[in-house]
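Student: Before we start, here is the structure in question, set down as structure tokens.
The values are calculated or read from the model by the stated rules, or taken from the named source; none is laboratory data. Values in this document were obtained by computation on a predicted structure and should not be read as measured data. Using ideal geometry, Cβ is built from the backbone for each residue, glycine included, and neighbour counts are taken over all protein chains shown. Heads up: the accessible areas ignore ligands, DNA and RNA and are worked out on the full protein's heavy atoms, side chains in. Shrake-Rupley method; radii C 1.70, N 1.55, O 1.52, S 1.80 Å.
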Amino acid sequence: MPDSKAAISYGETKTEAPVLSGSIGPSVIDIRSLYAQTGCFTYDPGFTSTAACKSTITYIDGDKGELLYRGYPIDQLADKSNYLEVCYLLLYGELPTQAQLKDFEQRVTRHTMIHDQMQYFFRGFRRDAHPMAVMCGVVGALSAFYHDSTDINDPVQREIASIRLIAKMPTIAAMAYKYSIGQPFIYPKNELSYAENFLHMCFATPCEEYKVNPIFAHAMDVIFTLHADHEQNASTSTVRLSGSSGANPFACIAAGVACLWGPAHGGANEAALNMLREIGTPDRVPEYVAKAKDKNSGFRLMGFGHRVYKNYDPRAKVMQQVAKDVLAQLGASDNPILQVAQDLEKVALSDPYFIEKKLYPNVDFYSGIILNAIGFPTSMFTAIFALARTVGWIAQWKEMIEDKDQKIGRPRQLYIGAPQRDYVDLKARG
Ligand code: SDX
């Protein structure tokens, strides 16, 4: 029910639009009848002032730097929960009982293998293909193998597809990594936890027993939790828009993978570590901060700034602590890259340019330091982000499909091209 109304007047037209309020956060002006009433569209290319849907999954307060998954603060979940429990929470809306969690873990574990025929997709790629190129291809190909979970109108099939995607993304990401380094694929092991299994599939070889480092497994699980969902970001909006046409969930998640790859989005973790390596030593930090402030340089501090957070990204705070813990446990607290990151953060956060524009470190600023310490190449960082975000994508996709108001997404435009004109024969064009 609308809470109040917004008066809209344009030319001779005076009309009203209902204002709808959520449980927390900004209200929305419901402009669904605006075009019919005024003959005008709204104009918001980056969707900076547009709510595209109703949702109960994730809430962000950018000014306060708060992130809630189904109402639970991200720092509490990172500290007290684990990734599969967070997957259950995001998918079903409540924290599971012990029995529900055990059943969910078993269902995910039973779906971690991919169809054996799919290994041949990998062999079609060059060995030096970027893992995200492989992820785009192989995740989309899941549609060709799991027909029994592509009917989006069947809630049972929607749930099986969700479980399959959560379960198989680590296997696909690990296979992309193994393929890139010319090592044989390692099968999932059912007795391992989700994070342990991913690390085992990445770093074990058939030649000897591989013991997963518990420090790395815990860090990996926290990284998965921090990346699990994030409201209506670019890749989630891509998944929702793809799903609004009735496309199957595997194809929609492949679209999300493609969008996440961009350096302005999930590709920033790879770009951020490459930037920290390029800076190399703390004494070069001022030079790069100056470059980031120079509009003509085209350079931005990767891992800095955010469309929504105009305060510290709460995930970056947790990530910074995990980076310090992992490096300390490795006896590498003096890691120069961490030093450069901390100096860069200190200099930037005291500089008027970053203060005025409210630019703070985001989730991608420290994650690469941890992944690098665990042994991943930078090319795998975004694939790991995609793996972790799959539960958020599929939870948002499911919410959209089950929303009775949902219809195919079809934005309009402000046309600034040529008005109608007649065709000119080639001969007449000289
Ligand atoms: C993710 O949406 C999500 O929730 C995404 C994400 C998720 O979990 O899904 O949080 C994950 O994508 C995090 C963001 C990762 N990207 C980066 O770290 C790339 C570097 N950051 C930016 O390119 C930028 O900050 C964005 C893309 C993140 C946000 O861009 P906006 O909101 O469109 O802001 P903008 O580009 O309009 O910048 C506003 C101003 C500009 O200056 P003016 O034109 O106003 O003078 O701030 C400047 C920008 O030039 N600016 C930066 C900067 N980011 C913005 N200047 C230097 N370095 C930067 N990093």
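Student: Amide H neighbours of I8 under 5 Å, at least 5 residues apart or on other chains, H built in the peptide plane: list them.
Tutor: T15, E16, A17
Student: On to the next question. Accessible area of the range 75-126 with a 1.4 Å probe: how many percent of it is carbon plus sulfur?
Tutor: On the way: 1510 of 3130 Å².
Carbon plus sulfur share of accessible area: 48 percent.
Student: Next up: Which of the aspartates and glutamates could a cross-linker span from K211 if the Cα-Cα distance has to be under 15 Å and same-chain partners fewer than 8 positions apart are dropped?
Tutor: K211 reaches E191, E196.
Student: Please compute the Kirkwood hydrodynamic radius over the chain, one decimal place, Å, based on all pairs of different Cα atoms.
Tutor: Its Kirkwood hydrodynamic radius stands at 23.4 Å.
Student: Once ligands and nucleic acids are excluded and a 1.4 Å probe is used, how much of D148 is accessible, expressed in Å² to the nearest 10?
Tutor: 90
Student: Let me cross-check C136: its accessible surface, 1.4 Å probe, with only protein heavy atoms counted, in Å² to the nearest 10?
Tutor: Per-residue accessible area (C136): approximately 30 Å².
Student: Something else about it: For the range 177-202, list residues with backbone N below 19 Å from a point placed 7 Å from the Cα of Q98 toward its Cβ?
Tutor: Within reach of a label on Q98: no residues.
Student: Report the FRET efficiency, 1/(1 + (r/R0)^6), for Q329 and D75, where r is their Cβ-Cβ distance and R0 is 25 Å, rounded to 0.05.
Tutor: 0.75
Student: Counting other Cβ atoms within 10 Å, keep those with at most 16, restrict to DSSP loop, and tell me which GluC sites (Glu not before Pro) in the range 351-430 are left.
Tutor: Numbers: sites: E356, E399, E402; in loops: E402.
For GluC sites (Glu not before Pro) across the range 351-430 that sit outside H, G, I, E and B with at most 16 neighbouring Cβ atoms in 10 Å, the list reads E402.
Student: Continuing with the same structure: Considering only DSSP states other than H, G, I, E and B, which GluC sites (Glu not before Pro) in the range 45-106 qualify as loop sites with at most 15 other Cβ atoms within 10 Å?
Tutor: Within the range 45-106, the qualifying GluC sites (Glu not before Pro) (loop, at most 15 other Cβ atoms within 10 Å) are E94.
Student: Please compute the modelled spin-label separation between Y120 and T42, points set 7 Å along Cα→Cβ, answer in nm with one decimal.
Tutor: Placing both labels 7 Å beyond Cα along the Cβ direction yields 5.0 nm.
Student: Still on this structure, please answer the following. Find the accessible area per residue for the range 38-123; the probe is 1.4 Å, ligands and nucleic acids are left out, and the unit is Å².
Tutor: 58
Student: Right, another one. Can you compute the modelled spin-label distance between Y415 and A144, with each label point 7 Å from Cα toward Cβ, in nm?
Tutor: The two pseudo-label positions are separated by 3.9 nm.
Student: Tell me, what is the per residue accessible area of the range 331-430 in Å², probe radius 1.4 Å?
Tutor: 54
Student: Straight distance only, please: which aspartates and glutamates reach the Cα of K293 with their own Cα at less than 17 Å, same-chain residues fewer than 8 apart left out?
Tutor: Those aspartates and glutamates meeting the cut-off are D343, E345, D351, E356.
Student: A further question follows. Which entries in K324/K358; K54/K398; K168/K398; K64/K398 show an alpha-carbon gap greater than 20 Å?
Tutor: Working: K324/K358 25 Å; K54/K398 13 Å; K168/K398 18 Å; K64/K398 29 Å.
Beyond 20 Å: K324/K358; K64/K398.
Student: Let me ask another. Return the aspartates and glutamates within reach of K5: Cα separation strictly under 18 angstrom, same-chain partners fewer than 8 residues apart disregarded; answer none if there are no such residues.
Tutor: E16, D30
Student: Using every pair of alpha-carbon atoms in the range 175-297, split the distances into 10 Å bins beginning at 0 and state the percent of pairs per bin, rounded to integers.
Tutor: 11, 24, 32, 24, 8, 1
Student: Please report the accessible area of K357 (heavy atoms, 1.4 Å probe, ligands and nucleic acids excluded) in Å², nearest 10.
Tutor: Using a 1.4 Å probe on the heavy atoms, I get roughly 90 Å².
Student: Of all the accessible heavy-atom surface of the range 281-362, with the other protein chains kept in place and a 1.4 Å probe, what percent is carbon and sulfur?
Tutor: Taking all protein chains in place, the range 281-362 shows 52 percent carbon and sulfur surface.
Student: With every protein chain present, what is the per residue accessible area of the range 269-317 (1.4 Å probe, Å²)?
Tutor: Normalised by residue count, the accessible surface of the range 269-317 is 49 Å².
Student: Rounded to the nearest 0.05, what FRET efficiency is calculated for K14 and L426 with R0 set to 56 Å and r the Cβ-Cβ distance?
Tutor: For R0 = 56 Å, the calculated efficiency reads 0.60.
Student: Quick one: among P73, P249, P45, which has the greatest mean-square fluctuation in a GNM of the chain with alpha-carbon springs under 10 angstrom?
Tutor: P45
Student: Sticking with this one: Report the equivalent ellipsoid semi-axes for the range 13-107 in whole Å, largest first, defined as the square roots of five times the eigenvalues of the gyration tensor built from alpha carbon atoms.
Tutor: 38, 15, 11
Student: What range in the chain is the longest one free of chymotrypsin sites (Phe, Trp or Tyr not before Pro) that are in a loop by DSSP and have at most 12 other Cβ atoms within 10 angstrom?
Tutor: Longest site-free region, per DSSP loop and neighbour criteria: 44-414.
Student: On C-alpha positions alone, give me the angle between the axis of helix 268-279 and the longest principal axis of the chain, in degrees, nearest 10.
Tutor: Roughly 70 degrees between the two axes.
Student: May I ask for the angle, rounded to the nearest 10°, between helix 155-180 and the longest principal axis of the chain, with both axes built from Cα atoms and the value confined to 0 to 90°?
Tutor: Relative to the chain, helix 155-180 is tipped by roughly 60 degrees.
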